[in-house]
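Encoded as structure tokens, the structure appears first; notes follow it.
Every read-out reported here was derived from the displayed coordinates using simple, explicitly stated rules and does not represent laboratory data. Please read these numbers as outputs of a predicted model, since none were measured by experiment. Note: ideal-geometry Cβ built from the backbone for every residue, glycine included; neighbour counts use all protein chains shown.
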Amino acid sequence: MGFSALSSQSKIGLIILALLIVAVIISLVWISNFLIQLIRTARINDAKEEDYPLFADVSYFYEKGNRERQEDSLYISHLDDYVDYGILACVSDGMGGLKYGSEISKYVIDEVEKLFPINFYDSEVVADCIKKISGRVFEKYARKGGATLVMVHVFKDRLNFYSVGDSNIILIRNNIATCLNPKQTYSRILIKNLTLEGKTTEEAYLNKKGRALVDFIGNNNIRVNYSQSSLKLFDGDIIVICSDGVTDAISLNSMINLIGNSARKTAENIKLAIRMKNFQRQDNYSAIVIKLNKYNF
């Protein structure tokens, strides 16, 4: 009797012990998974931000104004290459009134496309490539035609930009629109000189030659504006790369009110706002809109 009773108690004890062991194992597994998750979260928070690239939502419009022909040209690199090489986007505006504007702008875009993928970390080399493109245009057309160029290279969460002429690269962040590139026009030179002389700049704005380009693709020995160091980008940033037909009709402050919840909606809003202006001498207006998002949706 005593032996039999002791055997039953031992069995119950063993069962309880086994259950306790199972419970401990389950607890350890749960705690282990919890700790692993905490470590992963900490690593994500502490990791360098460039390891987690922003996603690019891209759209564009390409509209003919009240001109005889469309002289703008666009290029957007293939989005399938975004993770490895980033995205390259550029607009070239053929110089109006000159015979070869549309032909040259298309040539510039074709030559830029041949350069891709380009080295994000050596903007000076890229600027030299743009100078060589301009040199070839100069040799062929001898200043009988030309074009502007604005180009951005977005890689992970950084931006490089390049420009020649008076087209625009606009960054919209926190409801503030900023033109990143200086215009290479005669008025800008006048403003600089008048400022150095301590004079008012009114003359520069009234000068009839103020809008004339002093640098353009197809001029000899051009100066390329480019970012000396890459610009940090943030979730929600919007980049507008456009011909001057856009900013002639829409001011930077007005553009803020045209921001949509996607690149496509923003592009549509800007395009329709220009169309509604219905300017009699509206230039061709083209733009690429890039909206940076933390999440890919």
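Separation of the stretch 60-138 and the stretch 219-297 by C-alpha centroid, Å?
16
In nm, give the distance between the simple-model label positions of GLN280 and THR178, each being 7 Å from the Cα along the Cα-to-Cβ direction.
Each label point lies 7 Å from its Cα, and together they span 3.9 nm.
Based on the mean of other Cβ atoms within 10 Å per residue, sort peptides 71-80, 230-239, 146-155, 271-280 so the most packed one is first.
Those peptides, ordered most packed to least, come out 146-155, 71-80, 230-239, 271-280.
At 1.567 mPa s and 4 °C, plugging the Kirkwood radius over alpha-carbon pairs of the stretch 54-293 into Stokes-Einstein gives what diffusion coefficient in µm²/s? Write out the running numbers ahead of the final one.
Working: Rh = 18.1 Å.
D, rounded to a whole number, is 72 µm²/s.
Which links in LYS232/LYS271; LYS114/LYS277; LYS183/LYS271; LYS64/LYS156 stretch past 31 Å when you go from one Cα to the other? Provide the component values of the computation, followed by the final result.
Values: LYS232/LYS271 28 Å; LYS114/LYS277 37 Å; LYS183/LYS271 22 Å; LYS64/LYS156 33 Å.
With Cα atoms farther than 31 Å apart: LYS114/LYS277; LYS64/LYS156.
Taking 7 Å along the Cα-to-C-beta vector as the label spot, tell me the LEU231-ILE21 distance in nanometres, rounded to one decimal.
6.5
Residues of the stretch 94-126 with amide nitrogen under 18 Å from the 7 Å Cα-to-Cβ point of ALA142?
The answer is 98-101, 104, whose backbone nitrogens lie closer than 18 Å to the label point.
Work out from phi, with θ = phi - 60° and the Karplus expression 6.51 cos²θ - 1.76 cosθ + 1.60, the ³J(HN,Hα) of each residue of the stretch 118-123, listed in order in whole Hz, and give x for Gly and Pro.
9, 7, 5, 8, 9, 5
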